[in-house]
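The values are calculated or read from the model by the stated rules, or taken from the named source; none is laboratory data. Since this is a predicted model, take the numbers as computed values, not measurements. We place every Cβ from the backbone using ideal geometry, glycine too, and count neighbours over all the protein chains shown.
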Amino acid sequence: MDKKNYKFDTLAIHAGGEGKNPHNALNPPIFQTSTFVFDSIDHVDKVMSFESDDYVYTRGNNPTLRLFENRMSALENGNGAVAFSSGMAAISSTLFSLLEPGDNVVVNSTLYGSTFTVITKLLTKYNVNYKIADFTKLEQFEQAIDDKTKVIYFETPCNPNLEIIDIKKVVNIAKNRSIKVVVDNTFASPYFQNPLDFGVDIVLHSATKYICGHGDVVGGVVVSNDLQYIQKLKFDYMCEFGGVMSPFNAWLLLRGLKTLGIRMRQHEQNAIKLAKFLESHNKIQNVMYPGLKNFKGYSVAKEQMRGFGAIITFEVKGGYDKAVNLVNKVKLAQLAVSLGDCETLIELPFAMTHRAYPKEALERFGLTESMVRISVGLENIEDIIDDIDKSLI
Ligand SMILES: Cc1ncc(COP(=O)(O)O)c(C=O)c1O
């Protein structure tokens with residue numbers, strides 16, 4: 001389908017297909033097969049020399065995976081995508097594909113915990129160094145770049161403090177220096193933000209979150225405009241490290257994508273109401289949500305995002321015990337890591353998603369023990385507010 005003629009909600013349902021499904025089925029089949037059969041050695045030669053794009057083995061490619069990759073590529077305004085078995089498989093494979101011994105990667109001070117571990121503990125084993133800067137302070141960020149810098153990596157909005165990084169300004173500093181800019185777009189989803197539109201080289205997701213939307217898949221995906229890079233990432237890294245997505249998970253993600261737009265609109269509507277309620281509550285302080293006018297990232301978020309998302313972080317007055325009290329008491333919100341599901345999920349980053357960080361790192365990005373992160377779900381918002389309100393005693 002010609003992507004230019006259609007809007008996001010339509011592309012999320014139709015993009016990337018190659019004509020009719022077998023037997024005129026409305027939905028694509030799940031190609032639940034590990035291997036594919038050749039007609040002859042002639043056929044083998046054609047496929048293995050990329051003269052034909054027929055399939056060989058599911059670790060390299062599979063029609064269900066290809067459909068998911070094509071659809072994600074359309075939704076992120078890219079030219080190609082690679083699906084992975086998890087967000088972390090996507091992140092680690094991307095970083096390993098771009099960096100060589102002696103290089104360094106400049107990362108924002110707020111990062112998802114496992115990404116931080118890959119950068120500070122795994123890449124360093126191969127003599128790939130890292131520098132940490134606060135990307136909201138562009139001068140500090142620029143000073144961290146040197147002639148060994150090959151990758152700039154950040155999330156926006158950041159996990160868990162919802163800081164917003166000005167994508168265009170970062171790209172402007174990186175360009176002309178042969179540095180690849182990589183953005184983790186998990187919190188915004190492609191519905192609210194398309195980093196490639198601002199000149200970013202590579203955008204990636206934990207597809208486990210909003211892309212799936214139902215808490216039943218772990219997956220990841222990388223999208224880029226550079227098709228040559230996508231081929232290299234797929235065949236030299238995804239395929240060789242072996243972090244392949246299963247055809248069934250690709251099919252579930254295709255199903256999730258069909259409702260991405262409508263889900264994101266409702267998630268956001270709920271989040272705005274909950275953020276306003278929390279802001280006015282006398283037992284809560286420091287509500288971090290990009291859609292609040294007094295939040296420091298508000299104006300950049302308004303400029304580069306089409307909506308503010310549905311993750312809210314805040315501090316409970318009175319410290320860790322009070323925060324624990326809240327998450328232990330809630331009945332509707334579920335105490336769990338992850339985000340982007342229909343269910344409202346609540347967690348304590350200090351004790352859960354970000355517990356791998358050393359104390360100095362937590363202090364650097366202002367993560368306190370009394371911080372609570374909520375992924376606002378799709379329940380009726382009055383019920384969610386009531387649940388939080390009754391638990392804040
Ligand atoms: C922003 C962000 N990036 C990456 C990941 C890792 O994704 P996965 O759990 O699918 O490996 C997560 C997981 O929570 C995340 O929140």
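One residue stands out among those in the range 210-230 that are crowded, with 24+ Cβ neighbours inside 10 Å and over 14 Å from residue 259 (Cβ atoms): the one that is farthest from the ligand (Cβ to nearest atom), which is 224. Contact annotation: residue pairs with Cβ atoms under 7 Å, 6 or more positions apart or on different chains, pairing a residue in the range 218-236 that is within 19 Å of residue 206 (Cβ to Cβ) with a partner that is more than 16 Å from the ligand (Cβ to nearest atom) and hydroxyl-bearing (Ser, Thr, Tyr), are 223/73; 230/224; 233/97.
Taken over the range 38-91, the residue count meeting the criterion of being part of a helix (DSSP H, G or I) and farther than 28 Å from residue 6 by Cβ is 11.
One residue alone among 196, 278, 253 is of a type outside the set (Asp, Glu), in contact with a strand residue (DSSP E or B) (Cβ under 9 Å, 6 or more places away or on another chain), buried (at least 20 other Cβ atoms within 10 Å of the Cβ) and not assigned by TED's automatic domain parsing to the domain that holds residue 98, and that residue is 278. For the range 64-79, the set of residues classified as more than 20 Å from residue 202 (Cβ to Cβ) and out of contact with any Pro (no Cβ under 8 Å at 6 or more places or on another chain) is empty. Determine whether residue 175 is surrounded by fewer than 24 Cβ atoms within 10 Å (Cβ to Cβ), farther than 30 Å from residue 258 by Cβ, of a type in the set (Lys, Arg) and modelled with pLDDT of 95 or more. In short, no. When residue 379 is tested against (1) touching a Leu at 6+ places or on another chain (Cβ under 7 Å); (2) farther than 12 Å from residue 270 by Cβ, just one condition goes unmet, and that condition is (2). Can you say whether residue 360 is free of Cβ contacts under 8 Å to residues at least 40 places away in the same chain and not assigned by TED's automatic domain parsing to the domain that holds residue 121, as far as the supplied structure shows? Yes. Residues of the range 328-356 that are touching a helix residue (DSSP H, G or I) at 6+ places or on another chain (Cβ under 6 Å), among the hydroxyl-bearing types (Ser, Thr, Tyr) and within 14 Å of the ligand (Cβ to nearest atom): 353 alone. Does residue 94 meet the test of being farther than 24 Å from residue 311 by Cα and either modelled with pLDDT of 95 or more or not in a helix (DSSP H, G or I) (or both)? Judged against the criteria, residue 94 is a match.
Within the range 145-193, the set of residues being assigned to a strand (DSSP E or B) and within 25 Å of residue 350 (Cβ to Cβ) comprises 153, 154, 155, 184.
Test residue 73 against the criterion of being surrounded by 19 or more Cβ atoms within 10 Å (Cβ to Cβ), of a type outside the set (A, V, I, L, M) and either closer than 20 Å to residue 14 by Cα or in the same structural domain as residue 8 (by TED's automatic domain parsing) (or both), and give yes or no. Yes: the conditions hold for residue 73.
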